[in-house]
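Encoded as structure tokens, the structure appears first; notes follow it.
The values are calculated or read from the model by the stated rules, or taken from the named source; none is laboratory data. What you see is a predicted model, and the numbers here were worked out from it, not measured in a lab. Cβ placement follows ideal geometry from the backbone for every residue including glycine, while neighbour counts extend to all protein chains displayed.
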Amino acid sequence: MTDIFDDLQAEYEQLDTVLAALTPRQWSHPSAADGWTVSDVVLHLAQTEELAAASIRGELGGPRARGEVDAMADSAVAAERDVSPGDLLARWRAATAFMPAALRAHPRGSRLPWVAASLSPATLATTRLAEHWAHALDITTPLGIPYPDTARLRHIAWLGHRTLPYAFDVEGLAGGPVHCELTAPNGDTWHFGEPGAASVITGPAGDFCRVGARRLAPADSSLKATGPHGAEALAVLRNYAF
């Protein structure tokens, strides 16, 4: 797997290319995130990058409940949404410029407070990549702008598989080992989990990541789930921290 900090920077750059070309009308266009415009989505990304920076500086509080986090995100966007696209883009760029190097420089073995639990710097970088990728889809899909899948999805797929025990627990399910055999955008095969697991998920990595981001229903994907926990895993799969 390639370096997560370099790939986080690359994800920022891919989204920046899209944002820099948007017209004022596109900034105010409804996004795929319910109730938010494209500007609202970028504002949310800037705000959450600033929260990640606060975590690195030791200024972020402890974990919060899922409902509380959702409400806080909506309130934060509502409180600051009267910002021009130019100022908003500058704010997001300033927030993202800090992140990859700051996370890379953080001491190995350290933990950083985040939404549901403390995370390693590499895992926090992965959650930031996953959130930017998912919200990039929220921006580009309604506008008909291409946002091609890349090898960076491997980090997001890893995160989804790695957090399956947590996802099972949140939903009150016992769960069990799940092996994922996913087809990468370039045709390679990515494996996650023990190959001998009784439950297996196969199919496109892009679909797996979209299901985990709740941008695609399992039934509408090309994924196949077998074994006692395969379908359950797809139902609870998440690429985010709460």
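Structural remarks
- Test set (1) surrounded by 18 or more Cβ atoms within 10 Å (Cβ to Cβ); (2) modelled with pLDDT of 95 or more; (3) among the hydroxyl-bearing types (Ser, Thr, Tyr) - Ser55 fails condition number: (2)
- Identity of the residue in the stretch 119-133, surrounded by fewer than 22 Cβ atoms within 10 Å (Cβ to Cβ) and among the small types (Gly, Ala, Ser), that ends up farthest from Ile4 (Cα to Cα): Ser120
- Of the criteria (1) exposed (fewer than 13 other Cβ atoms within 10 Å of the Cβ); (2) modelled with pLDDT of 95 or more, which one Ala65 fails: (2)
- Hits in the stretch 1-40 (condition: buried (at least 19 other Cβ atoms within 10 Å of the Cβ) and aliphatic (A, V, I, L, M)): Ile4, Leu8, Leu15, Leu19, Leu22, Ala33, Val38
- Exactly one residue out of Gly196, Gly187, Gly206, Gly230 is at pLDDT below 95, not assigned by TED's automatic domain parsing to the domain that holds Ala122 and not polar (S, T, N, Q), and it is Gly196.
- Test: residue in the stretch 70-84 that is part of a helix (DSSP H, G or I), in the same structural domain as Ser28 (by TED's automatic domain parsing), touching a residue at least 40 places away in the same chain (Cβ under 8 Å) and under 26 Å from Val18 (Cβ atoms): yes
- Scope the stretch 165-182; condition closer than 30 Å to Pro148 by Cβ and out of contact with any helix residue (DSSP H, G or I) (no Cβ under 6 Å at 6 or more places or on another chain); matching residues: Tyr166, His179, Glu181
- Single match in Arg108, Arg91 (criterion: part of a helix (DSSP H, G or I), in contact with a helix residue (DSSP H, G or I) (Cβ under 9 Å, 6 or more places away or on another chain) and either surrounded by 16 or more Cβ atoms within 10 Å (Cβ to Cβ) or assigned by TED's automatic domain parsing to the domain that holds Glu13 (or both)): Arg91
- Condition met for Ala73 (farther than 30 Å from Glu181 by Cα, surrounded by 14 or more Cβ atoms within 10 Å (Cβ to Cβ) and of a type in the set (Gly, Ala, Ser)): yes
- Asp138 farther than 19 Å from Val200 by Cα, among the acidic types (Asp, Glu) and either in the same structural domain as Val211 (by TED's automatic domain parsing) or free of Cβ contacts under 8 Å to residues at least 12 places away in the same chain (or both): no
- Filtered by the rule that a residue be touching an Asp or Glu at 6+ places or on another chain (Cβ under 9 Å) and either aromatic (Phe, Trp, Tyr) or over 12 Å from Ala157 (Cα atoms) (or both), the stretch 204-217 gives Arg215, Leu216.
- Matching residues in the stretch 198-234 - criterion: being free of Cβ contacts under 8 Å to residues at least 24 places away in the same chain and in a helix (DSSP H, G or I): Asp207, Pro218, Ala219, Asp220, Ala231
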